[in-house]
1. Only one residue in ILE103, ILE92 is of a type in the set (Val, Ile, Thr), under 30 Å from ASP202 (Cβ atoms), part of a loop (DSSP other than H, G, I, E, B) and over 16 Å from the mean Cα position of the chain (by Cα). Which one?
2. Scan the helices (runs of 4 or more DSSP H) fully inside segment 256-328 and keep the ones with 1 or more residues being in the same structural domain as VAL66 (by TED's automatic domain parsing) and more than 30 Å from ASP228 (Cβ to Cβ).
3. Determine, yes or no, whether PHE74 is surrounded by 20 or more Cβ atoms within 10 Å (Cβ to Cβ) and in contact with a strand residue (DSSP E or B) (Cβ under 6 Å, 6 or more places away or on another chain).
4. Could you list, in sequence order, all residues of segment 263-282 that are loosely packed, with under 11 Cβ neighbours inside 10 Å and at positive phi?
5. Out of all the residues in segment 29-39, which are crowded, with 18+ Cβ neighbours inside 10 Å and in contact with an Asp or Glu (Cβ under 8 Å, 6 or more places away or on another chain)?
6. ARG254 fails exactly one of the following numbered conditions: (1) loosely packed, with under 15 Cβ neighbours inside 10 Å; (2) more than 30 Å from GLY175 (Cα to Cα); (3) within 21 Å of the chain's Cα centre (by Cα). What is the number of that condition?
7. What single numbered condition from (1) assigned by TED's automatic domain parsing to the domain that holds GLY138; (2) at pLDDT below 95; (3) of a type outside the set (A, V, I, L, M) fails to hold for GLY25?
8. Which pairs have Cβ atoms under 6 Å, sit 6 or more apart or on different chains, and link a residue in segment 223-248 that is over 20 Å from VAL317 (Cβ atoms) to one that is modelled with pLDDT under 95 and surrounded by fewer than 24 Cβ atoms within 10 Å (Cβ to Cβ)?
Amino acid sequence: MDLRIGSFRYDTTEALFDGSVTVDGVGTTMSTAATLPDVFTQMARGDLDVSEFGMTFLLRALDQGVPFVAIPAFPCRAFRHSAVFVHADSGISGPADLVDRTIGEFGVYGQDPGVWMKGVLAEEYGFRPERNRWVIGGLDHPAPPFAFTSHPHPEGLDVTTVPEGRTLSGMLDAGEIDALFTANVPQPFLDGSPHITRLFVDYEPLERDWFRRTGIFPIMHTVVVRRDLLADHPGLGRALYTAFRDAKEVGAERYRRFRRLYETPVMVPWLNPLVERNEALLGDDWWPYGISANRTALETFLRYHHEQGLSARRWTVEEVFAPDLLET
């Protein structure tokens, strides 16, 4: 058997691409794409057997009866207080000012970063998404809402798409939307536009404090596999989990080696103190795989997803992940 596996090339997956880590007992063909939605699209249309997949897109697929099963490997995760941008002249100086605003979101209402930040803002600051107008489209390039997934949202929520030929970055820069929930940093901000700033300018202390209080390192993507493959090949789920976990460990060991070499293999000065600060807060395994170390994060995402009207019901960890990996 030769498995077609799709993923971005991260520190967590590079060892699978270069062949230094393999999936026991099977051959693999690793592939990636120009964007993550392209990878997700390939999995959704059956061009892949196994793939990195956004958590929200997995839950939407399960609601539609798509026979995917998740493996508790999490190649992409990120703290997201930094992912909310506002127009500098909008009058938004804090979360309370987001009421009755026009807010953009990339590709779909309720992308993974949006689910996390709407949930955090609701719990910490009383944010209510239904009190806003939402505009969905491409970030830096004109694009329609994602075609590979469903588009649920609460009844009565004001959701529209960007005008043809426009981008969310351009609309935020021009003040045509007040705020933006995004997976990627808008290009005008990177170019130094004076018209765009973050909702939380000094976001790192907030993210670190949130982790101290919750123990959650937000999960964006998991790994999914076709259910029939797991049924036909007992032990495949375990082999996939082990391979993705081992690949992640190869990446983590690289940073440990950099510490011994005074970070000379990389072009990031003062990387060692950052890694040491992160280890002191996040622990030796700062990017854990498996259910046990991630149950709180997973259950929180499943709850946020349902509360925000994106799931037909509240899914459980046991329903989403491969049964033989629930003890990991």
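1. The match here is ILE92.
2. 271-282, 295-307
3. yes
4. Listed by number, the list holds a single entry, TRP270.
5. LEU36, VAL39
6. Checking ARG254 against (1) loosely packed, with under 15 Cβ neighbours inside 10 Å; (2) more than 30 Å from GLY175 (Cα to Cα); (3) within 21 Å of the chain's Cα centre (by Cα), the one that fails is (3).
7. (1)
8. That search, which allows pairs on different chains as well, returns ALA239/GLY25.
The values are calculated or read from the model by the stated rules, or taken from the named source; none is laboratory data. Since we're looking at a predicted model, the values are computed, not measured. When we count neighbours, we look across all protein chains shown, and the Cβ atoms used for this are built from the backbone with ideal geometry, even at glycine.
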